[in-house]
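Data block below; observations after.
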Number of protein chains: 2
Amino acid sequence: MTKQKFGLTAKKEEDFSEWYVQVITKGEMIDYYEIKGCYVMRPQGQFVWKCIQKWFTEKIEELGVQECYFPMLVPKSTLEKEKNHVENFSPEVAWITKCGNEVLGDPVAVRPTSETIIYPSFSKWIRSHRDLPLKINQWCSVLRWELHGTLPFIRGKEFLWQEGHTAFLTKEESDVEVFAILDLYSRIYSELLAVPVIKGRKSESEKFGGADYTTSIEAFIPGSGRGIQAGTSHSLGQNFSKMFDIKVDTEEGSENSSFVYQNSWGLTTRSIGIAIMIHSDNLGLVLPPRVAMIQVVVIPCGITASSSEEDVESLRTYISKIHAQLKNFVRVHVDDRNNVTVGFKFNHWEIRGVPLRLEVGFKDMANSEACLVRRDTRAKKQVSVEDIGQTVMEEIDTMHNDMLSRATTERDRRISYVRSFEEFMSSLENKKMIMAPWCGVDKCEANIKSKTTKFGPNGNVVSTGAKTLCIPYEAKSCNGMECINCNQKAIHYALFGRSY
Amino acid sequence: MTKQKFGLTAKKEEDFSEWYVQVITKGEMIDYYEIKGCYVMRPQGQFVWKCIQKWFTEKIEELGVQECYFPMLVPKSTLEKEKNHVENFSPEVAWITKCGNEVLGDPVAVRPTSETIIYPSFSKWIRSHRDLPLKINQWCSVLRWELHGTLPFIRGKEFLWQEGHTAFLTKEESDVEVFAILDLYSRIYSELLAVPVIKGRKSESEKFGGADYTTSIEAFIPGSGRGIQAGTSHSLGQNFSKMFDIKVDTEEGSENSSFVYQNSWGLTTRSIGIAIMIHSDNLGLVLPPRVAMIQVVVIPCGITASSSEEDVESLRTYISKIHAQLKNFVRVHVDDRNNVTVGFKFNHWEIRGVPLRLEVGFKDMANSEACLVRRDTRAKKQVSVEDIGQTVMEEIDTMHNDMLSRATTERDRRISYVRSFEEFMSSLENKKMIMAPWCGVDKCEANIKSKTTKFGPNGNVVSTGAKTLCIPYEAKSCNGMECINCNQKAIHYALFGRSY
C-alpha cells in the first residue's frame, strides 16, 4: 500500500471523469474489480459508510424503527406481484438459474430492492391496529444489472444501502414519516458530508414504481454541471398492501378491515461519491472531516542526517505526548516512517484526503507549538499544544462548516431561474440547474428531455436530455406564469437539469 | 405482532426438531420464507447478531483489522483458481446466468465465501514487506445452495457472517493470528452467548478446501446429542498466494520475492442458533442476557376493575421512576398494555426469552420493592428499588454465569472417554460426544463414518455417521495407545460425534 508514486494526472476542471476515477482510486476509497460495475470498497470508503450507518441508525431507533435482515432472493412470481413496480426493475434484474450442476425449475432473482421480499412477512405480522405502526430497516447490498454508465459509488451493479419499510394505520401518519425520513437524509448530507441538498417531490414520470408519490433530496455536482438524486423517501399508499394483503381489522371483532399505508425509503453509498465529487481537488481526495477514518495525521519535521540522537528522541517524546492528547478527541495517526521524506508524506496524506495535518518540528517543540494545516484550503496556522485536542476539534467543525458553505454558494450560483426556453437552453449549456415554471405534465417532461438530448455525428446520444430533478418544496409561487416549454398554465416551479 | 395465542406444543426432550422450530418462530427470532433454506431475521434475532458484531469489531480493530466490502459476484474462472478450494464449494454455488432479458456470456457466481474475490486485490495492494501485515474483514451474507438439511440459523442457503482475510510475511506471524482469532471466537460464545466450546484442529478430511490447516471451536447440543462447528480460523499457508501471485520483495531492490502467508476466518449467525438450542426450554426462548434486545420487562401487577384511579396512577408513577432508573443500566421495556391480562403478559415475554421480569404491584410499591423473576430458573426474589439498576446488572451477570456453568456441566457430562469401539458405539447411541485415541488417518475416519451411519428400511440414510469434530488442543496424552478403530498407533485424542 506504499509506493504511491504519482499525484493526479487529470484536472477537475479539464477532465472531470478521469479526475474522479483518479481521486477515488489513488485516495484508496475504492478499487476496480474484474466485473464491470462492481467495486471494492476499501477501508477508508467503508469507514464513511459506517459513520452514516451509526448516525442514521441512532436517529431511526428514536423513531421506533427496528433492524431486520431479509433474504436476498425472491421468486419470480412474487417479484412480479406489483405491476408498476416490476416494470420499473425488470430490465435490471439478475437471475439465478443454476446451482451447482442443477438447473432450477423456478429461477430466483437477486433483490434489486426488497418490497416484494418483505411485504409477505408484513402480511403475516400485521393483524390488528395494535401491530401498527410497523417499522423496520435493513442494511444490505442490492443488485441492479446496469448496462451502461456504471461509475464507482454513483451507479454500480451492486451497491450498499439501507432500506426502510414501514406500515401505518392512516395516510396521515405515513405522510409524516415520509418527510421525517427525508429530513434525516438531508441532515446526513449537511451534518456529516458537508453537502447541501434540495428537498422536493419527484414528477409523475420520475417517481418510484409502485409509489403514490416519491420525495427526494437532490444534490448538484459543479464539475459536471449535473444534478444527482441523493436519497428517496416513498409513500407507497395502499398499492402494495392491496397486492400483498396487508390489512387490519378496523374495529375489534368487526368484519371491516382496511389496508395499511406503507412507506419505503433508501439511501446508498452514492452519498459518498457525491461528497467526493464536490469537495475533492486537483491534489486528490478531500474528505468531509467528520467522517474521515483518519482526521489528523501528525508528521515529524526537520529531522536530518545531522540531527543528534538526543534531539530526535526528544521530538519523538513531544509527538507522543501530542498523540496521547489528540486520540481522546479525534482519529489520529502519527506517520513516523523513516524510509520516506517529509514531502512524500505530505503528498501521501493529501491524496488520501486526510482533513488536517499537524507538522511538528524542533522549533515548534521549543515553542510548545505545532503547525496545523487544513487539507481543503491548505491554510496553515501555529497552534499551542495546550488544549490541542480542543483546538483540533474546533478546526474540524470550522472546516466542515466552511466546506458546506462553499458548496452551498457554488450550488446556488449554478441555479438559474428562467422564464423562457431560450434561457433554459443556455443555462443548460452553461452547466447549470434550472428553476422553471412548469405544467407538471408527463408528456411535456418527455418533450423537454428529447429537445435537450445531444447527438453525436453518428446519431449516437452523447448527452441525455434534461429532466425534472424534483419539484422543490421551497420555491417561489409561479402564480399566473406559463410552463417554460408548452406554454400551458404552470402549476409549480420545477428543478430541471441533466443528471446522473 | 400481538395475538400470540399458544405456548409451545412440542417438548424439547420429546421432539427436539419441532421444539426448536417453535422456539425460534414463536420467540420472534426468525421467520420462514417462501424459498426453502432462506429465513427472515427478525429484530430480536438481528439484535443478537449486532451485539456480536460490535464486540468482535472492537476486538479485531485492536489487532489492526480494517473493515472492507468486496463484491458479492465472482467470475467462474477466478472462482476456480484454487483447485482444492473450488472442489469444496462447487456443488453449492449459485450461478447468475441472465440479467433482464440478456443471457450472460460468462455466468457469475454469488459468493459462497470470498477468498477468490478478495485475493486479486491483495495481489495489487501488496508489493513490499511494508504493506504487511494486511488485515481486512467484512460483514456480509453468503450463498450456499444446500440441497438438504437446511435449518434456521444452523444451515441456510443464505446466511450472515463475517469473514476475515489477512496476509503476513512469515508463517510464524500468521500462526499467531490463527489462534488469536480462535480465542476471540471462543470468547464470543463464553462471554456473550453463555456457551462453552472446545478448541481444536480439524482432521485432514474435515479441513477447509485450500487451507494448510483449519482450527475450529466446537459446541455440543444436548437436545440432539450432536456436536456442531461453531467457528473456524484457517491457515491458508501459501496456497492462495501462489495461485493469486501475492508476493513481496524480500530485500529492497532484490529479485528475490516470497509469497505471503494467509489466513481466513469466519463466524456466522449459526452461533445464535447454537445458543438458542442450548438454553431454551419448554416455555420457549431463553436468551443469553447480555445479548437480549430487551433485558428486563417491567409488568404492573394487581390492577383490577375495583382499583381506584388514584392507586393506579400512583403505581404508574412508581413504575415510571423504576423505568427511568433502569434504562441507564439495561435495555428495559414497560409492558403497560391494558387490553391483556398479567398472565398473558408473563407468557408473552417468556416465550420471547426476555431474561428478567420485574413484577410491580401495590404491595411492592408500599415496601419500595419489586419482584425480580429470572427467565432461566424462574427463581423469584424481592428486590429494593434503591439501586435497582445495579441490582439488575448484577442479576444479568449471575444469570449469564449460571447459564454458562449449567451448559458446561451438561456438555462435560456428555463427553465419554472411550477405549474400545464397543464403548464408542454405545456412547454414540447415548447421544454423547466421544474422546478417543485416534491414528489421524483419512481412511480410518471414513471407515468410522460408514460404520456409524444408520440406514432406514429402504436403505435411506436416517443418521449420517460420526466423524471427528476436532482434535482438541487440550487433551490427555494417548502415548502407547491404539487407534479406537483401526488399532494402529494412536497419535492423539480426537473428539468424535454426530454433527450438524
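So that you can scan it fast, the table gives a plain yes or no per residue for (1) under 20 Å from B:Ser114 (Cα atoms); (2) over 20 Å from the mean Cα position of the chain (by Cα):
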| residue | (1), (2) |
| --- | --- |
| A:Asp15 | no, yes |
| A:Trp19 | no, no |
| A:Ile30 | yes, no |
| A:Lys36 | yes, yes |
| A:Met41 | yes, no |
| A:Trp49 | no, no |
| A:Glu58 | no, no |
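Is there a residue being surrounded by fewer than 16 Cβ atoms within 10 Å (Cβ to Cβ), small (Gly, Ala, Ser) and either touching a helix residue (DSSP H, G or I) at 6+ places or on another chain (Cβ under 7 Å) or within 28 Å of A:His279 (Cα to Cα) (or both) anywhere in region A:382-397?
Within region A:382-397 (the criterion being surrounded by fewer than 16 Cβ atoms within 10 Å (Cβ to Cβ), small (Gly, Ala, Ser) and either touching a helix residue (DSSP H, G or I) at 6+ places or on another chain (Cβ under 7 Å) or within 28 Å of A:His279 (Cα to Cα) (or both)), the answer is no, since none of the residues qualifies.
Consider region A:107-127. How many of its residues are among the polar types (S, T, N, Q) and facing chain B (nearest Cβ under 7 Å)? Break it down stepwise before answering.
From region A:107-127, those among the polar types (S, T, N, Q) are A:113-114, A:116, A:121, A:123; that's our starting set.
With facing chain B (nearest Cβ under 7 Å) added as a condition, the list becomes A:121.
Number satisfying all stated conditions: 1.
For residues that are in contact with a strand residue (DSSP E or B) (Cβ under 7 Å, 6 or more places away or on another chain), part of a helix (DSSP H, G or I) and closer than 20 Å to A:Ser128 by Cβ, tally how many sit in region A:143-176.
Going through region A:143-176 one residue at a time, the tally reaches 2.
Name the pairs: first residue in region A:27-39 and without any contact (Cβ under 8 Å) to a residue 60 or more places away in the chain, second residue among the hydroxyl-bearing types (Ser, Thr, Tyr), Cβ to Cβ under 7 Å, at least 6 apart or on different chains?
A:Asp31/A:Thr25; A:Asp31/A:Tyr39; A:Asp31/B:Ser121; A:Tyr33/A:Tyr39; A:Glu34/B:Thr78
Where in region B:201-259 are there strands (runs of 3 or more DSSP E), lying fully within it, with 2 or more residues that are modelled with pLDDT of 95 or more and open to solvent by 30 Å² or more (accessible area, probe 1.4 Å)?
Numbers: elements: B:213-221, B:226-237, B:247-249, B:257-259.
In region B:201-259, B:226-237 are the strands (runs of 3 or more DSSP E) which contain 2 or more residues that are modelled with pLDDT of 95 or more and open to solvent by 30 Å² or more (accessible area, probe 1.4 Å).
Taking the stated definitions as given, is A:Val48 in contact with a helix residue (DSSP H, G or I) (Cβ under 6 Å, 6 or more places away or on another chain) and assigned by the TED database to the domain that holds A:Arg187? So that I can check it myself, show each step before the final result.
Details: in contact with a helix residue (DSSP H, G or I) (Cβ under 6 Å, 6 or more places away or on another chain): yes; assigned by the TED database to the domain that holds A:Arg187: yes.
Yes.
Criterion first (over 26 Å from the mean Cα position of the chain (by Cα), of a type in the set (Gly, Ala, Ser) and not assigned by the TED database to the domain that holds A:Val48) does A:Gly284 satisfy it? Steps first, please.
Details: over 26 Å from the mean Cα position of the chain (by Cα): no; of a type in the set (Gly, Ala, Ser): yes; not assigned by the TED database to the domain that holds A:Val48: yes.
No; evaluated as a whole, the condition is false for this residue.
From the set of residues in region B:355-371 that are open to solvent by 10 Å² or more (accessible area, probe 1.4 Å) and under 24 Å from B:Lys26 (Cβ atoms), which is farthest from the chain's Cα centre (by Cα)?
B:Glu359
May I ask you to verify whether A:Glu445 is open to solvent by 80 Å² or more (accessible area, probe 1.4 Å) and not β-branched (Val, Ile, Thr)? Show your work before the answer.
On the way: open to solvent by 80 Å² or more (accessible area, probe 1.4 Å): no; not β-branched (Val, Ile, Thr): yes.
So A:Glu445 does not fit the description; no.
What are the residue pairs meeting all of these: first residue in region A:327-351, first residue within 12 Å of chain B (Cβ to nearest Cβ), second residue surrounded by fewer than 18 Cβ atoms within 10 Å (Cβ to Cβ) and in a loop (DSSP other than H, G, I, E, B), Cβ atoms under 8 Å, and 6 or more apart or on different chains?
Every condition considered, the pairs that remain are A:Val340/A:Thr2.
Name the single residue, out of those in region B:448-459 being of a type outside the set (Gly, Ala, Ser) and open to solvent by 70 Å² or more (accessible area, probe 1.4 Å), that is farthest from B:Lys432 (Cα to Cα). Before you say what the answer is, go through the steps one by one.
Going residue by residue through region B:448-459, those that are of a type outside the set (Gly, Ala, Ser) are B:448-449, B:451-455, B:457-458.
Of the ones still in play, those that are also open to solvent by 70 Å² or more (accessible area, probe 1.4 Å) are B:449, B:451, B:454-455, B:457-458.
Details: B:Lys449: 15, B:Lys451: 17, B:Lys454: 16, B:Phe455: 20, B:Pro457: 25, B:Asn458: 27 Å.
Here the residue is B:Asn458.
From the list B:Gly480, B:Gly465, pick out the single residue that is in the same structural domain as B:Ile434 (by the TED database), small (Gly, Ala, Ser), open to solvent by 50 Å² or more (accessible area, probe 1.4 Å) and in a loop (DSSP other than H, G, I, E, B). Lay out the reasoning, then the answer.
Details: B:Gly465 fails: open to solvent by 50 Å² or more (accessible area, probe 1.4 Å).
B:Gly480 is the lone residue from the list that is in the same structural domain as B:Ile434 (by the TED database), small (Gly, Ala, Ser), open to solvent by 50 Å² or more (accessible area, probe 1.4 Å) and in a loop (DSSP other than H, G, I, E, B).
Tell me the residue from A:Asn339, A:Asn367, A:Asn401 that is of a type outside the set (Asp, Glu) and modelled with pLDDT under 95, please. Walk me through it before giving the result.
Numbers: A:Asn367 fails: modelled with pLDDT under 95; A:Asn401 fails: modelled with pLDDT under 95.
When all the criteria are applied, what remains is A:Asn339.
Against the condition of a type in the set (A, V, I, L, M, F, W, C) and either touching a Pro at 6+ places or on another chain (Cβ under 9 Å) or in contact (Cβ under 8 Å) with a residue 60 or more places away in the chain (or both), how does B:Ile322 come out, does it pass? Walk me through it before giving the result.
Numbers: of a type in the set (A, V, I, L, M, F, W, C): yes; either touching a Pro at 6+ places or on another chain (Cβ under 9 Å) or in contact (Cβ under 8 Å) with a residue 60 or more places away in the chain (or both): yes.
In short, yes.
Given the criteria buried (at least 22 other Cβ atoms within 10 Å of the Cβ) and more than 12 Å from chain B (Cβ to nearest Cβ), does A:Thr166 qualify?
Numbers: buried (at least 22 other Cβ atoms within 10 Å of the Cβ): yes; more than 12 Å from chain B (Cβ to nearest Cβ): yes.
Yes; evaluated as a whole, the condition is true for this residue.
Can you confirm whether A:Lys157 is assigned by the TED database to the domain that holds A:Gly27, among the basic types (Lys, Arg) and without any contact (Cβ under 8 Å) to a residue 60 or more places away in the chain? Please lay out each step first, then the result.
Values: assigned by the TED database to the domain that holds A:Gly27: yes; among the basic types (Lys, Arg): yes; without any contact (Cβ under 8 Å) to a residue 60 or more places away in the chain: no.
Judged against the criteria, A:Lys157 is not a match.
The values are calculated or read from the model by the stated rules, or taken from the named source; none is laboratory data. Nothing here was measured: the structure is a model prediction, and the numbers come from that model. Counting neighbours? That spans all protein chains shown, and the Cβs are built from the backbone with ideal geometry, glycine included. The protein model used for the area step is the full one, side chains on, heavy atoms only, and it has no ligands, DNA or RNA in it. Shrake-Rupley method; radii C 1.70, N 1.55, O 1.52, S 1.80 Å.
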